[in-house]
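What follows is a set of notes on a single structure, which appears directly below.
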Amino acid sequence: MAPYLLSSSEVFATTPEVAYDTLVAAPLEALFTQRSGPIPPVARTEGQTGEWGTAGATRRVVLADGGSNLETLVGADRATRDYRYELTDFRGPMKLLVAKVEGRFAFDAAGAGTRVTWTWRLHATNPVTRLALPVLGAFWRPWAKAMWPRYEARLP
């Protein structure tokens with residue numbers, strides 16, 4: 001079963017390296033502060049293992065509705081600006097729809113700035129729930145768009 005792809009991007013007046021460093025350092029609860037339909041804000045992270053920014057580090061992302069997921073950093077290389085993670089072990093309402101999310105942030109030079117592109121590859125729990133992923137995507141897009149100004153405010 002093919003994953004469902006979502007993507008959002010913005011251009012910022014900074015270098016790719018600074019854009020990368022800012023993302024790695026940003027607390028999730030500072031970036032994801034609003035609800036969009038069934039997607040709640042991030043309340044906090046807990047139980048981190050390893051240094052965040054290093055591949056293999058994990059943390060539990062706790063959502064405002066009491067749900068959570070395990071985030072594993074699968075790629076983190078500042079030199080190539082590779083930032084990839086997986087969300088698994090869903091608890092709460094998302095558990096019914098999503099088995100895994102493969103997330104990625106890409107940082108590419110764009111004129112005098114940097115285009116930051118965020119993608120999610122959602123893996124449904126089964127073929128029936130796969131049909132609901134476009135509806136979830138309709139809520140993810142404004143959730144992602146609302147994150148960009150909070151990210152930009154953290155740029156030096």
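Here, each number is a calculation from the coordinates, and none is a lab measurement. Bear in mind that the values here come from a model prediction, so they are computed numbers and not experimental data. So basically every Cβ, Gly included, is an ideal-geometry build from the backbone, and we count neighbours across all protein chains shown.
Some points to look at:
- Local electrostatic count at Ala112 - Lys and Arg +1, Asp and Glu -1, tallied over other residues with Cβ under 15 Å: -2
- The alpha carbons of segment 4-154 stretch over 44, 32, 25 Å along the principal axes, in descending order.
- Each Lys or Arg adds one and each Asp or Glu takes one away; over the other residues whose Cβ falls under 9 Å from the Cβ of Gln48, this sums to 0.
- Nearest-20 debye value, the chain charge dipole, Cβ charges on Lys, Arg, Asp, Glu: 440 debye
- Equivalent ellipsoid semi-axes, segment 5-53, via Cα gyration tensor eigenvalues times 5, rooted, Å: 21, 19, 10
- Label reach from Leu5 (point 7 Å along Cα→C-beta): in segment 105-130, amide nitrogens under 18 Å belong to 105-108, 116-124.
- Placing a pseudo-label 7 Å from each Cα along the Cα-to-Cβ vector at Gln34 and Asp77 gives an inter-label distance of 3.6 nm.
- Between Ala25 and Phe139, the modelled label-to-label distance comes to 3.3 nm, taking each label 7 Å out from Cα in the direction of the beta carbon.
- Estimated from helices alone, the mean residue ellipticity of the chain at 222 nm is -7500 deg cm²/dmol (sum of -39500 (n - 2.57) over DSSP H runs with n ≥ 4, per residue).
- Principal axis extents of the Cα atoms in segment 20-89, from largest to smallest and rounded to whole angstrom, are 36, 21, 15.
- The chain, relative contact order in percent, only Cα pairs under 8 angstrom and at least six apart counted: 30 percent
- Between the beta carbons of Lys95 and Thr15, assuming R0 = 35 Å, the FRET efficiency works out to 0.35 to the nearest 0.05.
- Derived scalar couplings between HN and Hα for segment 119-130 equal 10, 10, 10, 8, 10, 6, 6, 6, x, 6, 5, 4 Hz in order, rounded to whole Hz, by the Karplus curve 6.51 cos²θ - 1.76 cosθ + 1.60 (θ = phi - 60°), x for Gly and Pro.
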